[in-house]
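**Q** Mind having a look at this structure? Questions to follow.
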Amino acid sequence: MSTTPPLNGQVIGRAHYATRAAFERLLAPSGTAFAQSVALNAVAGGAVDREQVIGRLTDGLKIDHTAAEAVVAELVDARLLAAPAGDRAGLELTAAGEELNRTVRAAADELTVRLYGDLPAEDLAAAARVLTAVTARANAELAALPH
């Protein structure tokens, strides 16, 4: 007899919060907040428009524009992000930001292997399809609800 609970918001939420808590614990020694790690990752690979980074934070983390701007400002103040030469609307990682992002990504990759590495590929593919559909539906619900 299976004791696996049915897939619902509680099961998804517990997985999300447990994963996020583990990742945040990995981030703690660097003094990096979760939202900051998301912003750094959004800029990895080259200069990005500031509003794109803010959009990734607001859309991905479901935070408001002001909170997202504050995250970006914290990273600029910490000299982890900077405007590229001649592009006041853009952002790029500084050398310190690149190093921090590399460290954070390596920790995230290692955690991902520990959490997902031995799960069957077909189960992971099915979970990804289901969670992508649920996310799209939840985002549609959010868009239809009053702020």
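The values are calculated or read from the model by the stated rules, or taken from the named source; none is laboratory data. All figures in this text were calculated on a predicted structure; none of them were measured in a lab. Cβ placement follows ideal geometry from the backbone for every residue including glycine, while neighbour counts extend to all protein chains displayed.
**Q** Which of (1) surrounded by fewer than 17 Cβ atoms within 10 Å (Cβ to Cβ); (2) in contact (Cβ under 8 Å) with a residue 12 or more places away in the chain; (3) under 25 Å from Leu145 (Cβ atoms) does Asp64 not meet, given it meets every other one?
**A** (2)
**Q** Do we find that Thr94 is touching a Lys or Arg at 6+ places or on another chain (Cβ under 8 Å), surrounded by 15 or more Cβ atoms within 10 Å (Cβ to Cβ) and of a type outside the set (Phe, Trp, Tyr) in this structure?
**A** Yes: the conditions hold for Thr94.
**Q** Across the stretch 1-59, which residue is surrounded by the most Cβ atoms within 10 Å (Cβ to Cβ) among those that are of a type in the set (Ser, Thr, Tyr) and assigned to a helix (DSSP H, G or I)?
**A** Out of the qualifying residues, it is Ser37.
**Q** Would you confirm whether any residue within the stretch 20-39 is within 25 Å of Arg129 (Cβ to Cβ) and polar (S, T, N, Q)?
**A** Looking through the stretch 20-39, none of the residues is within 25 Å of Arg129 (Cβ to Cβ) and polar (S, T, N, Q).
**Q** To continue, here is another question. Being over 15 Å from Ala42 (Cβ atoms), in contact (Cβ under 8 Å) with a residue 24 or more places away in the chain, in contact with a Ser or Thr (Cβ under 9 Å, 6 or more places away or on another chain) and assigned to a helix (DSSP H, G or I), is that true of even one residue in the stretch 120-131?
**A** Scanning the stretch 120-131, I find no residue that is over 15 Å from Ala42 (Cβ atoms), in contact (Cβ under 8 Å) with a residue 24 or more places away in the chain, in contact with a Ser or Thr (Cβ under 9 Å, 6 or more places away or on another chain) and assigned to a helix (DSSP H, G or I), so the answer is no.
**Q** While we're looking at this one, here's another question. Out of curiosity, is Val104 within 14 Å of the chain's Cα centre (by Cα), without any contact (Cβ under 8 Å) to a residue 60 or more places away in the chain and either buried (at least 17 other Cβ atoms within 10 Å of the Cβ) or assigned to a helix (DSSP H, G or I) (or both)?
**A** It is false that Val104 is within 14 Å of the chain's Cα centre (by Cα), without any contact (Cβ under 8 Å) to a residue 60 or more places away in the chain and either buried (at least 17 other Cβ atoms within 10 Å of the Cβ) or assigned to a helix (DSSP H, G or I) (or both).
**Q** Right, something else. Give me the pairs: first residue in the stretch 84-100 and more than 18 Å from Glu51 (Cβ to Cβ) and at pLDDT 95 or above, second residue buried (at least 18 other Cβ atoms within 10 Å of the Cβ) and hydroxyl-bearing (Ser, Thr, Tyr), beta-carbon distance under 7 Å, and six or more apart or on different chains, which are they?
**A** Matching pairs, first to second residue: Leu100/Thr32.
**Q** Here is a further query. Does Leu142 qualify as being under 19 Å from Gly13 (Cα atoms), modelled with pLDDT of 95 or more, more than 16 Å from the chain's Cα centre (by Cα) and part of a helix (DSSP H, G or I)?
**A** no
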